[in-house]
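Notes for the one structure printed next.
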Amino acid sequence: MNLENVINFFNDSNNSIQQGSHFHSQLAAHIGGLSQTVTDYVMCRNLEKDELVASLDSSNPPPPQDPSSAPFANFVEFEVAESQIFAMPSSVFLPEQKK
């Protein structure tokens, strides 16, 4: 009877090893396919990025801006006499810094 238990244990173990081997070979095949899919995806995104960068680099520069549409076009220039200049504390011009 003892020999029968050993034979059953061997057969069960052998079946478990075969099932595990089959599982791991299928898993390796799926991981290999997934790895290739990810590699292809990354390569396509890198190519797309390179094409976009090249198209931005090769695009024509923007046309010169019309001086009348410049941000400060509506400001009027004026002269200030030296006698009109007075000192102001720097806190008037500089925002308070957080401490």
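Bear in mind that the values in this text are calculations on the coordinates, not laboratory data. These numbers come from a predicted model, not from an experiment.
How long is the gain from Ser59 to Tyr41 if the chain were fully straight, where each residue apart is worth 0.36 nm and the alpha carbon distance is subtracted?
3.8 nm
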- Message: On a full-extension model of 0.36 nm per residue, what is the gain between His24 and Glu4, subtracting their alpha-carbon distance, rounded to one decimal in nm?
- Response: 4.2 nm
